[in-house]
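First up is the structure itself, then whatever we jot down about it.
The values are calculated or read from the model by the stated rules, or taken from the named source; none is laboratory data. Fair warning: this is a prediction, and the values are worked out from it, not measured in the lab. Note that we place each Cβ from the backbone using ideal geometry, even for glycine, and neighbour counts take in every protein chain shown. Only protein heavy atoms, including side chains, enter the accessible area calculation; ligands, DNA and RNA are left aside. Shrake-Rupley method; radii C 1.70, N 1.55, O 1.52, S 1.80 Å.
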Amino acid sequence: MTTPEHQPPTPEPVSKDRVYRSPMGIVGGALLLAIVLWLGTDALVRGEGRTQWLALAGLILLVPLVSAFTLRPAVHANEERLRIRNPLRVIVLPWGQVAALRSGYSNEVVAKSGTKYQLWAIPVSLRARKKAARRSARAAAERSAAARGERGGRGLGGLGFGAPRMDVDADGPVRAETDKVMDDLRELLEHRAEAESAQGEVIVRWAYEVAGPAIAGALLLVILLAVG
């Protein structure tokens, strides 16, 4: 009679990340990079002497910075933690370390230590907020008019021609897209803050892969300008 082998415990499935990025930031960054690379490459190919060195220094400085502030930012969220990739830092906050998620002129997360971290990938659009507020007011007015129409009867000859058409979803107030994202993150925080798997320490890592080339390009540019 053989003894059955003990099978290793099956690891718990890790929840998939929800990834939030700024579409307009990506589009703008791609356009800026295209312009910088076009001008820099043209100066390198057609320029002479010092111009080529200045173009090289400018490319080394600008390409990492433009990428960092436009293409790089992202927010990853799952049931265990919030991972924020900002231009020059990566911050990992377990939900148990998050005190609040705030929205004002910018979106930010506040750790229980009191430290604030801005969410670069979820920018606030005041224009979108005003547009959403106008739509909410219009929807409320339509609902109010519809309620008055129902109380007052069916309209012309009971055929219902007096009732306004409802174009906006009546489930609740209209929200700007980034405000909806913050609502999703707050919901995750509310449900996962006390979970055992969502505890841990805050981790902050500087993006040396961005800062290093940018600093090298800046130093080269300063040296060239000083020598010239």
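Here are some notes:
- Accessible surface ranking that places the most exposed of 44, 32, 82 first, with a 1.4 angstrom probe: 32, 44, 82
- Computed from label points 7 Å out along Cα-Cβ, the spacing between residue 17 and residue 105 is 3.0 nm.
- Of the listed residues 203, 60, the order by accessible area with a 1.4 Å probe, largest first, is 203, 60.
- In the complete set of protein chains, residue-level accessible area for residue 92 is approximately 30 Å², probe 1.4 angstrom.
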